[in-house]
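The values are calculated or read from the model by the stated rules, or taken from the named source; none is laboratory data. This structure is a prediction, so every number in the text was calculated from the model and none was measured. Cβ atoms come from the backbone with ideal geometry, glycine included; neighbour counts cover every protein chain shown.
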Amino acid sequence: MLIREVKVEELPMLQECATAFYAASSHLHEFKMDLFSATWKPQIERGVGVIFGMFEGDRIVGTIGGLVSGDLYSGEPYSIEFFYYVLPEFRGTILSMKLYFAFERWSRERECSYIQMAALADSMPEEMAEMYRRLGFNPVEVTYRKELA
């Protein structure tokens with residue numbers, strides 16, 4: 001297995017992980033591959049976005065994606081993770097953790113002051129909280145959402 005950046009033309013290969021990720025949470029709505037590709041392509045091309053894939057041959061079995069942004073009030077650069085998912089049969093491996101470390105390295109190379117990660121409230125919340133704690137993260141904020149039909 002190999003971890004590397006996903007190229008723009010490989011974005012459709014993320015369909016399997018995206019479908020599984022969306023199925024794992026009742027909080028997520030419909031996944032649209034065309035919209036996903038159209039959203040991430042310019043971010044990757046501009047160098048402010050990245051998606052790393054964990055490849056088993058030609059199959060992506062894990063992924064993490066995020067962007068570099070500036071804090072709205074201080075201007076301080078930081079990176080924000082938008083998704084981090086590993087297919088169940090590949091979880092708990094050293095390689096699955098290396099996905100995160102690839103994103104952290106990418107963030108450091110862009111001189112980010114911090115990384116912001118999220119965890120879905122209904123998708124392994126205790127496990128994710130423990131993993132983030134072990135990686136040195138501290139909880140900062142809880143987000144609430146109200147569906148407006």
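The number of residues in segment 33-43 being under 17 Å from Thr63 (Cα atoms) and either at pLDDT 95 or above or surrounded by 15 or more Cβ atoms within 10 Å (Cβ to Cβ) (or both) comes to 6.
When restricted to residues that are in a helix (DSSP H, G or I) and either among the basic types (Lys, Arg) or touching a residue at least 60 places away in the same chain (Cβ under 8 Å) (or both), segment 27-45 contains 1. Only residues that are surrounded by fewer than 16 Cβ atoms within 10 Å (Cβ to Cβ) and either aliphatic (A, V, I, L, M) or touching a Leu at 6+ places or on another chain (Cβ under 9 Å) (or both) were counted in segment 124-149, giving 7.
Inspect all residues belonging to segment 57-69 and state whether any of them is surrounded by 14 or more Cβ atoms within 10 Å (Cβ to Cβ) and more than 22 Å from Ala119 (Cα to Cα). Checking segment 57-69: not a single residue is surrounded by 14 or more Cβ atoms within 10 Å (Cβ to Cβ) and more than 22 Å from Ala119 (Cα to Cα).
Residues considered: Thr63, Thr39. Of these, the only one that is polar (S, T, N, Q) and closer than 19 Å to Met1 by Cα is Thr63. Filtered by the rule that a residue be over 17 Å from Ala24 (Cβ atoms), in a helix (DSSP H, G or I), more than 13 Å from the chain's Cα centre (by Cα) and aromatic (Phe, Trp, Tyr), segment 82-134 gives a lone residue, Tyr132.
Please determine, by comparing only the residues of segment 1-26 that are within 16 Å of the chain's Cα centre (by Cα) and assigned to a loop (DSSP other than H, G, I, E, B), which one is surrounded by the fewest Cβ atoms within 10 Å (Cβ to Cβ). So, considering only residues that are within 16 Å of the chain's Cα centre (by Cα) and assigned to a loop (DSSP other than H, G, I, E, B), the one surrounded by the fewest Cβ atoms within 10 Å (Cβ to Cβ) is Lys7. Can you find a residue in segment 48-68 that is modelled with pLDDT under 95, on the phi < 0 side of the Ramachandran plot and either of a type in the set (S, T, N, Q) or not in a strand (DSSP E or B) (or both)? Checking segment 48-68: at least one residue is modelled with pLDDT under 95, on the phi < 0 side of the Ramachandran plot and either of a type in the set (S, T, N, Q) or not in a strand (DSSP E or B) (or both).
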